[in-house]
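Heads up: the structure comes next, in structure tokens.
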Amino acid sequence: MALDWKETSQWWYGRITTRTGKRKLINLGVKIEGRRPRSIVDQGDAAFERSRGKAIREHDRILSEIQNKQNLEELTQRVIELKTGSRVEAVKLEDLPDTWEQLPRPRATVPRYSNMVRSRLLRFAMFIQNNSPSVEDLDMVTRKHARAFMDAEDARGISPKTWNDTLKTLRSAFRHMAPDSDAYRKYLATCPAKASETVFRKPFTPDELKVILDAAKDDDFARPLIVTALCTAMRRGDCCCLKWKNVDLEQRFITVKTTKTRQTVTIPIFPALHKELNQLRANGSKYVFPEAATMYRRNPDGITLRVRHVLAQAGFVDGETLDRVKESNGLPVLPRNELKEQALAAIKRASFGEKKKARMRRVFDLYLKGKTIPEVADETGFSKGSVSGHLNEVEQMTGAIVIRRGAAMELPAVLRGEIHEKRENGKRRASVRDFHSFRVTWVTLALSAGVPLEIVQKVTGHKTMEIVLKHYFQPGREDFRKVLESGMPNLLTGGLNS
């Protein structure tokens, strides 16, 4: 380390070379006073030399701290090396996401979770590098740095839950990679979580389930998944990645280890699910739903979109989305059968060649069945631009909406409910009706029908009853009233349960 200055600055600096050979200047907090000479090695006036003396003392103090820290680190490294036979390398901020990925863990993380954590760690690393360029290693991060980042996250307007999840991510990363750092010991390890609101998924009523299943009857991709979720209460990933080795069609049971809680659950196969599975048993794959398993690994949100497409046809769609579709391009929204009839007739009347007509019919048919533009492109071998172009041409020829713009292709006859609710805090609205709603529906119907809580736990794989009752048992008001009235003495219910 050596004393230095900048031509454009009024402060003295200490020049330091990092372990990577990069030169950095540290502001010593001492102003340059008097008349500055032409060169730092030249003699200045009395005021200048007094400030140089102050800067040298501050320079020596900081250098001593750096050397003491390096000596302590080296001593610690030697102790660790004697005990374990290897040295611990400091984690670079720029390597934080990759280092986290390489940490030993009992089971592999799912891509969605891994991407989410990597995104948080990358945002943290970029924040520190932008605001404190001299901090290169994770163990150099102080409580002030960590607190400033969390304050910045709060200022972005994220929900308390997202803030808490980010805190947990950093706490875990520092606990494994920099447990002796000031940031971990004096902030992350002890920082309290924020109080957060819980927006629960809404279960479907039996009448709503009938409408949903009717809307899904022609969708060979989404229908089996919906039936499986409704009959087993399995989570999205467990449904999509269900394997035949876990299915006993003769004894009518599914036995599988859940990916989230790692609990082995045993679930009876209801007749509706048995019918679906029988139709798929000769698919030649180890997966019951091979297309869904592939999509879940590549893009899990694609599963949610496909299910929401069915929910929209059944009348579950946000009002603002519905209004946007109605107004889109000023075109009408036709029922599926009518749209198909008009589109095929328009393609037949078109003046272009039969080869293009065949391509257009194939693209339109796959898209009408619920596949996305990238999925149609994968299946047909056409480019996404070509697929989109064909669909736009069909839209122009029919004079009706063909391309899905955030909702179903057809307007539902009845709007039964929205799929999002506003939060008191947070940047995004909460999802209240999606794939997970089928799991909530199963639990609510089972408990409302008097199925013992212990049996419900055996199916869902929850470790505690509290989780089941708090997050999954969500009866509607009328159902809640009927359950209480049927179980309470006549003296309280006025004879209604006799």
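For the reader, a short list of remarks on this structure follows.
- Cross-link pairs Lys168/Lys257; Lys245/Lys286; Lys31/Lys54; Lys371/Lys422; Lys210/Lys243 - those with Cα-Cα distance over 18 Å: Lys168/Lys257; Lys371/Lys422; Lys210/Lys243
- Taking the empirical scaling 2.2 N^0.38 Å for compact globular proteins as reference, segment 125-268 has a Cα radius of gyration ratio of 1.57.
- Computed about the Cα centre, the dipole magnitude for segment 351-393 is approximately 140 debye when only Lys and Arg (+1) and Asp and Glu (-1) carry charge, each at its Cβ.
- Averaged over its residues, segment 90-229 has an accessible area of 51 Å² per residue, based on protein heavy atoms and a 1.4 Å probe.
- Whole-percent carbon and sulfur share, accessible surface of segment 160-229, 1.4 Å: 50 percent
- Calculated over segment 220-293, the projected area of the Cα convex hull averaged across directions stands at 4.4 nm².
- Packing-based ranking of 374-381, 136-143 yields 136-143, 374-381, ordered from highest to lowest mean Cβ neighbour count within 10 Å.
- A full extension of the chain between Glu354 and Thr255 corresponds to an added length of 30.6 nm, given 0.36 nm per residue minus the alpha carbon distance.
- Segment 106-249 - charge dipole about Cα centre, Lys and Arg +1 at Cβ, Asp and Glu -1, debye rounded to 20: 340 debye
The values are calculated or read from the model by the stated rules, or taken from the named source; none is laboratory data. The model shown is predicted, which means the values in this text are computed figures rather than measured ones. With ideal geometry, Cβ positions are generated from the backbone for all residues, glycine too; neighbour counts draw on all protein chains shown. SASA here: full protein model, heavy atoms, side chains in, ligands and nucleic acids out. Shrake-Rupley method; radii C 1.70, N 1.55, O 1.52, S 1.80 Å.
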